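The structure appears below as structure tokens.
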Amino acid sequence: MSRRTRRAASAPPAGTARCTVTVCRGCCCGSAKIPGLDHAAQLRDLRRALDGTATVRVTDCLDACEHANVVVVQPSPAGRAAGGRPVWLGLVNDPDATADITAWVERGGPGLADPPGVLDLYAFTPSRRIRGRMED
């Protein structure tokens, strides 16, 4: 994640392009291999909290299994124009992490708002091959 200071943005106006939050639900993410987390509730909570603010989609394995559960936050077009890039977050295995992601996306996400500092602990850089699947 960028260490540059950015102005915090309010939630995008209705009808504008939004961030995309991609939730991995492949071989390890969203499975019993990650015990103690209600995976269905995590996805339901993300969708409910970000309804009207971001697009939440589910994808098959992102091939970053060592970081399960993986969530990728892609910037809106405005965020990308401001320098935002997709942010890969791993080990998103508790409700507090999900709430931090939600709060950040509601403020505009990559390029438009600084993420809560704790998300630095979840951020990782996937291999170029894996990253290429998600980037424009």
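Annotations for the structure displayed:
- You will find that of Ala17, Ala49, Ala32, the residue that is of a type in the set (Gly, Ala, Ser), in a helix (DSSP H, G or I) and out of contact with any Cys (no Cβ under 8 Å at 6 or more places or on another chain) is Ala49 and no other.
- Selected residue (only one of Gly15, Gly30 is more than 21 Å from Val118 (Cα to Cα), buried (at least 20 other Cβ atoms within 10 Å of the Cβ), at pLDDT below 90 and not acidic (Asp, Glu)): Gly30
- Number of positions in the stretch 52-90 that are in contact with a helix residue (DSSP H, G or I) (Cβ under 7 Å, 6 or more places away or on another chain) and in a loop (DSSP other than H, G, I, E, B): 6
The values are calculated or read from the model by the stated rules, or taken from the named source; none is laboratory data. Everything numeric in this text was worked out from a predicted model, so none of it was measured. Don't worry about glycine lacking a Cβ; one is built from the backbone with ideal geometry, like all the others, and counts go over all protein chains shown.
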